Amino acid sequence: MDKPAVRDAALLLLRVVLGTVFVAHGWDKLLITGLTETTGQFSAWGVPQPKLSAYAVMVVELLGGAMLVVGLLTTLVAGILALLMAAALWFVHVPQGFFVSDGGVEYPVVLIAALGMVVVFGAGRASLDRVLVRD
């Protein structure tokens, strides 16, 4: 495999994994935990406008995650999701310390770093961005 092909395969894998994680979290907010319980959690964490925030986060996670998987508007979506994770870091995870087992910053920091890689390197050739943009 040549270097660009390896890079594209790595970006595809990263996008699919990240997108799946975000879709799963959005799905949880919508249908498993539910928006009422999610709103209650957001309120307890001090998230501003908890009901509006719960709905917005659910939509961004579901749609943004799906868009990452297919590579559509990839750098924009990854940037928005990174900002979402930064807000989660601030409101939820910083007070809990470092380790994910305690609800700490470990997991969102890794997500922010991975999303940053997508922002910097883009979607790669295996993406709708590549199909829709003509060189």
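The table below gives the values:
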item	result
Debye, to nearest 20: dipole size of segment 4-133, +1 on Lys, Arg Cβ, -1 on Asp, Glu Cβ	340
Using alpha-carbon coordinates, inclination of helix 50-70 to the longest axis of the chain, degrees	20
Mean residue ellipticity (222 nm) of the chain, computed from DSSP H runs ≥ 4 via -39,500 (n - 2.57), nearest 500	-22500 deg cm²/dmol
Efficiency of FRET from Cβ geometry, ASP2 and VAL59, R₀ 35 Å, rounded to 0.05	0.35
Crossing angle, helix 74-88 versus the chain [Cα axis fit, 0-90 degrees, rounded to tens]	20
Given charges at Cβ of Lys, Arg, Asp, Glu: the chain dipole, positive-most of VAL59, GLY103, THR36	VAL59
Cα gyration tensor shape of segment 13-71, rounded if a/c is under 1.5, else prolate or oblate by comparing a/b with b/c	prolate
Potential extension, ARG125-GLN41 segment - 0.36 nm per residue separation minus Cα distance	26.3 nm
Computed lengthening from TRP27 to GLN96, 0.36 nm per intervening residue step minus Cα-Cα distance	22.4 nm
Radius of gyration and Dmax over the Cα atoms of segment 4-133, both given in Å	15.1, 47
Cα-based helix-to-principal-axis angle, 106-121 vs the chain, degrees rounded to 10	30
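Values quoted throughout were computed directly from the atomic coordinates according to the rules given, and no laboratory measurement underlies them. Predicted model only: the values in this text are computed from it and were never measured. Counting neighbours? That spans all protein chains shown, and the Cβs are built from the backbone with ideal geometry, glycine included.
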